[in-house]
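Below is one structure, written out as structure tokens; the observations come after it.
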Amino acid sequence: MSKALRWLLSLVVLIGTMSAAGATAGAATAAEPAPGTDIKDRILAIPGMSLIEEKPYTGYRFFVLNYTQPVDHRHPGKGTFKQRITLLHKDTNRPTVMFTSGYNVNTTPRRSEPTAIIDGNQVSVEYRFFTPSRPEPADWSKLDIWQAASDQHRLFTALKKVYAKKWLTTGGSKGGMTATYYERFYPRDMDGVVAYVAPNDVQNNEDSAYDRFLAGVGTAECRTKLNNVQREALIRRKQLAAIYTQYAADNGYTFTTVGSQDKAFEAVVLDYTWAFWQYSLLADCEAIPVAKTATDQQIWDSIDAISGFSFYTDQGLAPYTPYYYQAGTELGSPDIKQPHLKGLSRYGYQPPRNFVPRDIPMRFKPFVMDDVDHWVRDNAQRMMFVYGQNDPWGAEKFRVGKGARDSYVYVAPGANHGASVGALVADQKAAATASILKWAGVAPATVQQDEAKAKRLTAYDAKLDKRDIEREPSLRP
């Protein structure tokens, strides 16, 4: 990408940011409630904020809320929608974490790993266009990474008056991408970024890194076992198609979006090895059937458990339309070769266009990810990227270059798409934990003097700290 094109994109971003900031200032202005006012009343005093429900949780207040956002932050007068958010309130004197999965928001009390580390508040944000946070009617041209980052910026500006201490942003997978894009467009908002397993598909048409990864991940024995199940499923296409037909009829599944049951069947089968490494561990390979001696039902059951035959139905795809739209317009998507399926695959890896209803127009913008990648390498400050060694999405990571400051890329050994700071080797775990505590302004004096003594400030809570790994479509972040 030429310097001139990157300069032009940066100018467009700056103009949009200034426009959104002006809208934000007007929207967030409100009379401050009197000191001592209940936190719920303080939050609901923010213009555009409304309560859906409050749920009890020991030691916290937990609110499910709606926040009114412009459909278009460049033209805020042209309509609004309600964005669903949650607030896990600890104390206004504690730092706050802004979390997003990049998809729907979980309305059950949860805290992300950074929130647990710093003993803070957490604001969780549903990504625009995921229902119910979808404008009506839906103008899909307003679903892009800048508009979504502007949602976060506007929400942060409103809440900063209540939560005045340090702020971090975090998320996993598409949520990690979202946290990164937010920092790219609004680098002065957050005091630190912790992005987990964030894919960085810079060149959408050059995906050999994924092929090389899949050729070397795990052990040769496990890779062969998985590949053989894939091959056997396509060899037994007729027999498994009969099972699929009955399965679809029993569940009322249809295949209008992808085009046919056969295309959906193959899409699920081709996801199988990627999905295994994304969500499973090497030890799980023991449960994979031996293809040649397995029954049709055993082949079906293994593929269904790992990549899911319901997914490429109309009913399975519908909740993910916003993701596939973004993959086909800005984010990009891997196109892996899988040579062991040569002569058996009819369609290869199908593009995102195949998974979005045809009445929604799409046009890919190849410069968007390139811009973010260059910005992170040259400008990252207080940014942390955590990847899993065996996660295919880590084949194309974010990198930090000479222009970056206090920024790091870590890889958790043996980990999958659920990689965490807690899964890092001991010295890296301590260093990463110390960075998060320092960025949040809550590092104890002992940690300031010796990072090796860094540890989370909260005790483990089995319910609150449950890892809700977004069960996204396989081969999708």
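Under conditions of 20 °C and 1.002 mPa s, the range 325-450 yields 121 µm² s⁻¹ as its translational diffusion coefficient, taking Rh as the Kirkwood radius over Cα pairs in the Stokes-Einstein equation. Size descriptors for the range 24-155: radius of gyration and Dmax over Cα atoms are 14.9, 44 Å. Peptides 412-420, 298-306, 51-59 ordered by packing proxy, namely the average of other Cβ atoms within 10 Å per residue, highest first: 412-420, 298-306, 51-59.
Across the range 138-288, the volume of the C-alpha convex hull divided among the residues equals 206 Å³ per residue.
Note on Lys342: lysines with a C-alpha under 27 Å away, same-chain residues under 8 apart excluded, are Lys225, Lys238, Lys263, Lys292. Counting Lys +1, Arg +1, Asp -1, Glu -1, what net charge surrounds Gly328 among other residues with beta carbon under 11 Å of its beta carbon? Counting the neighbours of Gly328, the net charge comes to +2.
Taking the DSSP beta bridges with both ends in the chain, the antiparallel portion is around 50 percent. Solvent exposure of the range 273-428 amounts to 42 Å² per residue of accessible area, where only protein heavy atoms count and the probe is 1.4 Å. A simple packing score, the average count of other Cβ atoms within 10 Å per residue, orders the peptides 176-187, 195-206, 400-411 as 176-187, 195-206, 400-411, with the highest score first.
Taking Lys and Arg as +1 and Asp and Glu as -1, the other residues whose beta-carbon sits under 10 Å from that of Glu266 total +1. Using just its DSSP H runs of length 4 or more, each adding -39500 (n - 2.57), the chain gives a mean residue ellipticity at 222 nm of -11500 deg cm²/dmol after division by all residues.
Per-atom-type breakdown for the chain gives carbon and sulfur 53% of the accessible area (1.4 Å probe, protein chains only).
Here's the picture: charge each Lys and Arg Cβ at +1 and each Asp and Glu Cβ at -1 in the range 308-408, and of Ser333, Ser345, Gly316 the one pushed furthest to the positive end of that dipole is Ser345. Dipole magnitude for the chain: about 700 debye, using +1 per Lys or Arg Cβ and -1 per Asp or Glu Cβ, origin at the Cα centre. Taken about its Cα centre, the range 315-416 carries a charge dipole of about 220 debye when Lys and Arg each add +1 at the Cβ and Asp and Glu each add -1 at the Cβ.
Listed by chain and number, the lysines whose C-alpha is less than 25 Å from the C-alpha of Lys55, apart from same-chain residues fewer than 8 away, are Lys40, Lys82, Lys90, Lys160, Lys161, Lys165, Lys463, Lys466.
One equal scatterer on each Cα of the range 237-396, no solvent, Debye formula: the resulting log10 I(q)/I(0) at q = 0.09, 0.15 Å⁻¹ is -0.37, -0.96. Computed over every Cα-Cα pair of the range 275-331 and binned at 5 Å starting from 0, the pair-distance distribution P(r) comes out as 4, 16, 18, 18, 17, 11, 10, 5, 1 percent.
Each Cα pair of the range 44-88 feeds into the Kirkwood radius, which the Stokes-Einstein equation turns, at 10 °C and 1.306 mPa s, into a diffusion coefficient of 136 µm²/s. With K and R counted +1 and D and E -1, the other residues having a Cβ less than 15 Å from that of Ala440 yield a net charge of +3.
Positive-end ranking of Ala158, Tyr272, Gly175 along the dipole of the range 143-294, with charges on Cβ about the Cα centre, is headed by Ala158. Three semi-axes describe the equivalent ellipsoid of the chain; taken as square roots of 5 times the Cα gyration tensor eigenvalues and ordered largest first, they are 38, 26, 22 Å.
The values are calculated or read from the model by the stated rules, or taken from the named source; none is laboratory data. This one's a predicted model, so the numbers in the text were calculated from it and none came from an experiment. Here the Cβ is made from the backbone with ideal geometry for all residues, glycine too, and neighbour counts use every protein chain on show. Ligands, DNA and RNA are stripped out before the accessible areas are found, and what is left, the full protein with its side chains, is counted by its heavy atoms. Shrake-Rupley method; radii C 1.70, N 1.55, O 1.52, S 1.80 Å.
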